[in-house]
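Structure first, then comments.
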Amino acid sequence: NSAGSIGMHICHIGPLGALTDGIVIHHSCFDYDGPREGWFDVTLKHEMNHFAFYSSINFGNNIDHPLWIVEGLAEYASWPRSQVQDRDSIDFIADRCDIYDEFPLETNSAYWAGRSFYQFIEDAKGDLAVKSFITSLYENNLESSLVIPFESDTLDLKNRWVDDMIQRTEPDTLQLGEIVQ
């Protein structure tokens, strides 16, 4: 429904890894002419990303990534553009969230903030850094994986990420075609 999930990746995790039982997509995603136009493709890509991600993790290494890492990756892989949030939501992340822990579910930030993190890596370090980071997540915890794109520069990482989100929400001071005198 419009208030809840529109897609779901159903799997179980056992000694052999993750086994996908199915992917479910809400019927509203098939509204090709309405407000959810194009959502089927985006939702399917999102849920297929969960399938690929969970199928690749080495659960023998006792890996348990925060939801914002998993949902952020699925959003990054499926959503063609950044999701700009309001300043209050970004300030909430800055003030109340730890980069190594879960973000509060009621904020829905696992999706938009998580996606912005992958975009932040891409913009700061490039496509290869994003790929290396994701590959590292299959075998390592988040703290170890962050060393891949950011080397020893992880101390101030959350602040730089938050600054990047803020810059994406603030409109340019100069409009296209304006002349500076």
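Residues of the range 76-103 that are in a helix (DSSP H, G or I) and not β-branched (Val, Ile, Thr): Tyr76, Ala77, Ser78, Arg87, Asp88, Ser89, Asp91, Phe92, Ala94, Asp95, Arg96. State whether one or more residues within the range 50-57 are exposed (fewer than 12 other Cβ atoms within 10 Å of the Cβ) and either modelled with pLDDT of 70 or more or over 29 Å from Ile99 (Cβ atoms) (or both). No: zero hits.
Per the conditions (1) buried (at least 17 other Cβ atoms within 10 Å of the Cβ); (2) at pLDDT below 85, the sole criterion not satisfied by Glu37 is (1).
Of the candidates Ala77, Ala94, the single residue that is modelled with pLDDT of 85 or more, surrounded by fewer than 17 Cβ atoms within 10 Å (Cβ to Cβ) and under 20 Å from Leu142 (Cβ atoms) is Ala94. Among the conditions (1) open to solvent by 20 Å² or more (accessible area, probe 1.4 Å); (2) at pLDDT below 85; (3) touching a helix residue (DSSP H, G or I) at 6+ places or on another chain (Cβ under 6 Å), the only one that Lys45 does not satisfy is (2). Residues being more than 22 Å from Asp156 (Cβ to Cβ) and in contact (Cβ under 8 Å) with a residue 24 or more places away in the chain: count how many of those fall in the range 83-104. Number of matching residues: 3.
The values are calculated or read from the model by the stated rules, or taken from the named source; none is laboratory data. Because the structure is a prediction, the values reported are computed rather than measured. With ideal geometry, Cβ positions are generated from the backbone for all residues, glycine too; neighbour counts draw on all protein chains shown. With ligands, DNA and RNA removed, areas are computed over all heavy atoms of the protein, side chains included. Shrake-Rupley method; radii C 1.70, N 1.55, O 1.52, S 1.80 Å.
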